[in-house]
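K.L.:
One structure coming up, written as structure tokens, with questions to follow.
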Amino acid sequence: MINMILLGPPGAGKGTQAELLVDRYHLPHISTGDIFRAAVKEGSPLGQKAKAFLDAGKLVPDDIVVGIVKERLNQPDCQEGFILDGFPRTIPQAEMLDRYLAGADRQITAVINIDVDFEVLIRRLTGRRVCRNCQAVYHIVNKPSQKSGVCDHCGGEIYQRQDDAEETVRKRLEVYRDQTAPLIAYYRERGKLKTFNGEEPIQVVFDQICLALEEQNG
Ligand code: AMP
């Protein structure tokens with residue numbers, strides 16, 4: 001059973017690794033950031049509550065986030081394992097998650113911590129571009145689309161997420177340092193943490209993660 005958390009600062013490659021892990025292990029991928037962005041796009045009540053926090057690079061309040069994640073983890077497809085990406089982001093979220101899982105006789109089996117230097121993250125995030133239609137990810141320097149502004153996969157429009165603007169990126173990294181980084185010690189103390197160098201190529205990081213998961217699962 002793999003009940004996994006992907007931990008790491010914004011831009012560390014959690015989403016990228018999550019996609020590869022989904023292909024290999026066929027587990028549901030729960031990205032709270034994706035859930036909020038979809039809600040904002042729809043203009044649902046959740047989206048209306050979350051929008052100001054996302055635009056400012058601030059965290060959505062814990063009770064809102066935890067409610068959404070619990071509901072998702074209750075669904076049948078999550079009973080055989082899951083990948084949490086971007087959650088938990090605070091110690092109270094982690095404590096609430098642990099209590100919820102314990103109540104259902106479940107637990108987190110691995111916390112994959114992806115470590116990247118902040119200067120590298122600033123370059124990655126401010127250069128990141130995303131397809132509005134299929135969410136494919138590009139980078140103005142490292143991975144430009146063939147035709148400027150147009151998605152190679154679906155022809156959709158490529159744009160910069162509002163929270164990838166430099167000022168917001170700096171704010172998000174500050175929020176990470178103050179509120180999320182303490183989770184590294186939280187999970188290390190519980191013997192769940194495995195740390196990977198997120199500055200290595202994507203495939204190298206992925207292979208190392210798979211090896212660690214397979215060693216653990218015997
Ligand atoms: P991400 O795509 O994971 O970087 O998330 C984008 C934004 O969604 C964050 O900057 C927060 O505003 C919000 N968000 C995502 N996950 C959480 C969480 N676990 N707790 C609070 N806010 C979150």
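The values are calculated or read from the model by the stated rules, or taken from the named source; none is laboratory data. Remember, predicted model here, so these are calculated numbers, not experimental data. When we count neighbours, we look across all protein chains shown, and the Cβ atoms used for this are built from the backbone with ideal geometry, even at glycine. Remember, those area values only see protein heavy atoms, side chains included, never the ligands or the DNA or RNA. Shrake-Rupley method; radii C 1.70, N 1.55, O 1.52, S 1.80 Å.
K.L.:
Roughly what angle does helix 62-73 make with the longest principal axis of the chain, taking Cα atoms, 0 to 90 degrees, to the nearest 10?
P.N.:
Helix 62-73 sits at roughly 70 degrees to that axis.
K.L.:
Modelled label-to-label distance, residue 41 and residue 143, 7 Å Cα→beta-carbon offset: nm?
P.N.:
That separation, rounded to one decimal, is 1.7 nm.
K.L.:
Given a 1.4 angstrom probe, what's the average accessible area per residue across the chain, in square angstrom?
P.N.:
Values: 11280 Å² over 218 residues.
Normalised by residue count, the accessible surface of the chain is 52 Å².
K.L.:
Roughly how far apart, in whole Å, are the Cα centres of the stretch 49-83 and the stretch 163-218?
P.N.:
When both Cα centres are located, 18 Å separates them.
K.L.:
Once you have the Kirkwood Rh of the stretch 1-150 from its Cα pairs, apply Stokes-Einstein at 10 °C and 1.306 mPa s and quote D in µm²/s. Walk me through the numbers before you get to the answer.
P.N.:
Numbers: Rh = 16.6 Å.
It diffuses with D of about 96 µm²/s by this estimate.
K.L.:
Let me ask another. Build a GNM of the chain with springs between Cα atoms under 10 Å: which of 65, 22, 175 gets the top mean-square fluctuation?
P.N.:
Looking only at 65, 22, 175, the largest GNM fluctuation is found for 22.
K.L.:
A follow-up question, please. Under the rule of at least 5 residues apart or a separate chain, name every residue whose amide H is placed under 5 Å from the amide H of residue 152.
P.N.:
Result for residue 152 returns 146.
K.L.:
Between beta-carbons, use under 15 Å as the cut-off and find the net charge around residue 208, counting Lys and Arg +1, Asp and Glu -1. Spell out each step's value before the answer.
P.N.:
Numbers: positive: 14, 24, 194; negative: 115, 199, 200, 207, 214, 215.
Neighbour charge sum, excluding residue 208 itself: -3.
K.L.:
I would also like to ask the following. Once label points are set 7 Å from the Cα along Cα→Cβ at both residue 161 and residue 77, what is their separation, rounded to one decimal in nm?
P.N.:
2.0 nm
K.L.:
Same structure, new question: Apply the Karplus parameterisation 6.51 cos²θ - 1.76 cosθ + 1.60, with θ equal to phi minus 60°, to every residue of the stretch 32-43 and state each ³J(HN,Hα) to the nearest whole Hz, in sequence, with x for glycine and proline.
P.N.:
Each residue's phi maps through the Karplus curve to give 5, x, 5, 4, 5, 4, 5, 5, 5, 4, 6, x Hz.
K.L.:
Here is a further query. Taking the Cα centre as origin and putting +1 on Lys and Arg beta-carbons and -1 on Asp and Glu beta-carbons, what dipole magnitude results for the stretch 134-192, to the nearest 20 debye?
P.N.:
Numbers: 10 positive and 9 negative charges, 65 e Å.
With only Lys, Arg, Asp and Glu charged at Cβ, the dipole is about 320 debye.
K.L.:
With Cβ to Cβ distances under 12 Å as the rule, what net charge do the other residues near residue 13 carry (K, R +1; D, E -1)? Spell out each step's value before the answer.
P.N.:
On the way: positive: 14, 124, 128; negative: 19, 85, 115, 199, 200.
Within the 12 Å Cβ shell, the charges total -2.
K.L.:
Now for a separate question. Summarise the accessible area of the stretch 1-77 (1.4 Å probe, protein heavy atoms) by the percent that is carbon and sulfur.
P.N.:
Numbers: 1980 of 3670 Å².
Summing carbon and sulfur atoms, their accessible area is 54 percent of the total for the stretch 1-77.
K.L.:
Something else: Given +1 on the Cβ of Lys and Arg, -1 on the Cβ of Asp and Glu, and no further charges, what dipole in debye does the stretch 17-143 carry about its Cα centre, rounded to the nearest 20?
P.N.:
On the way: 17 positive and 17 negative charges, 126 e Å.
It works out to roughly 600 debye.
K.L.:
Taking DSSP loops as anything outside H, G, I, E and B, show the longest stretch in the chain free of GluC sites (Glu not before Pro) there with at most 16 other beta carbons within 10 Å.
P.N.:
Numbers: sites that count: 80, 199.
My reading of the result: 81-198 is the longest stretch.
K.L.:
Hey, what's the Kirkwood Rh for the stretch 141-203 if you take every pair of different alpha carbons, in angstrom? Walk me through the numbers before you get to the answer.
P.N.:
Values: mean 1/r = 0.0655 Å⁻¹.
Evaluated over the stretch 141-203, this radius sits at 15.3 Å.
K.L.:
While we're here: Once you place label points 7 Å from the Cα toward the Cβ at residue 109 and residue 150, how far apart are they in nm?
P.N.:
Rounded to a tenth, the inter-label distance reads 4.5 nm.
K.L.:
Now, a different point. Under a Cβ-Cβ cut-off of 10 Å, what is the net charge of the residues other than residue 198 that fall near it, where Lys and Arg count +1 and Asp and Glu count -1? All intermediate terms of the calculation are to be shown ahead of the outcome.
P.N.:
Details: positive: 14, 124; negative: 115, 117, 199, 200.
Value of the local net charge: -2.
K.L.:
Also: Return one number: the angle in degrees, 0 to 90 and rounded to the nearest 10, between the long axis of the Cα atoms of helix 45-56 and the longest principal axis of the Cα atoms of the chain.
P.N.:
70 degrees
K.L.:
While we're here: Using R₀ = 41 Å, calculate the FRET efficiency as 1/(1 + (r/R₀)^6) where r is the Cβ-Cβ separation of residue 132 and residue 181; round to 0.05. Don't jump to the answer; show the numbers that get you there.
P.N.:
Values: r = 31 Å, r/R0 = 0.76.
According to the calculation, E is roughly 0.85.
K.L.:
Does anyone have the angle between helix 91-103 and the longest principal axis of the chain? Alpha-carbon axes, 0 to 90°, nearest 10?
P.N.:
Rounded to the nearest ten degrees, it is 50.
K.L.:
I want to check a number: in the chain, how many lysine pairs have alpha carbons closer than 14 Å, given a sequence separation of 8 or more or different chains?
P.N.:
5
K.L.:
Quote to one decimal, in nm, the extra length available between residue 188 and residue 101 on full extension: 0.36 nm per residue of separation minus the C-alpha distance between them.
P.N.:
Working: separation 87, 0.36 × 87 = 31.32 nm, distance 1.84 nm.
That works out to 29.5 nm of additional length.
K.L.:
Right, next: Would you grab the residues whose amide H sits under 5 Å from the one on residue 8? Only those 5+ places off in sequence or on another chain, please, with H modelled 1.01 Å from N.
P.N.:
Long-range HN contacts for residue 8: 114.
K.L.:
Still on this structure, please answer the following. How big is the stretch 11-75 along each principal axis, measuring the range of its Cα positions in Å and listing the largest first?
P.N.:
Principal-axis extents of the stretch 11-75 (Cα, largest first): 35, 28, 21 Å.
K.L.:
Further question on the same structure: By how many nm would the segment from residue 174 to residue 122 lengthen if fully extended, with 0.36 nm per residue of separation less the alpha-carbon distance?
P.N.:
On the way: separation 52, 0.36 × 52 = 18.72 nm, distance 1.16 nm.
Full extension from residue 174 to residue 122 adds 17.6 nm.
K.L.:
Shifting gears a bit: If amide hydrogens are placed 1.01 Å from N in the peptide plane, which non-local residues have theirs closer than 5 Å to the one on residue 136?
P.N.:
131
K.L.:
Show me, for the stretch 133-144, the HN-Hα J-couplings you get by feeding each phi into the Karplus relation (A = 6.51, B = -1.76, C = 1.60, θ = phi - 60°), rounded to Hz, glycine and proline as x.
P.N.:
Couplings: 8, 10, 6, 4, 10, 10, 9, 4, 9, 7, 8, x Hz.
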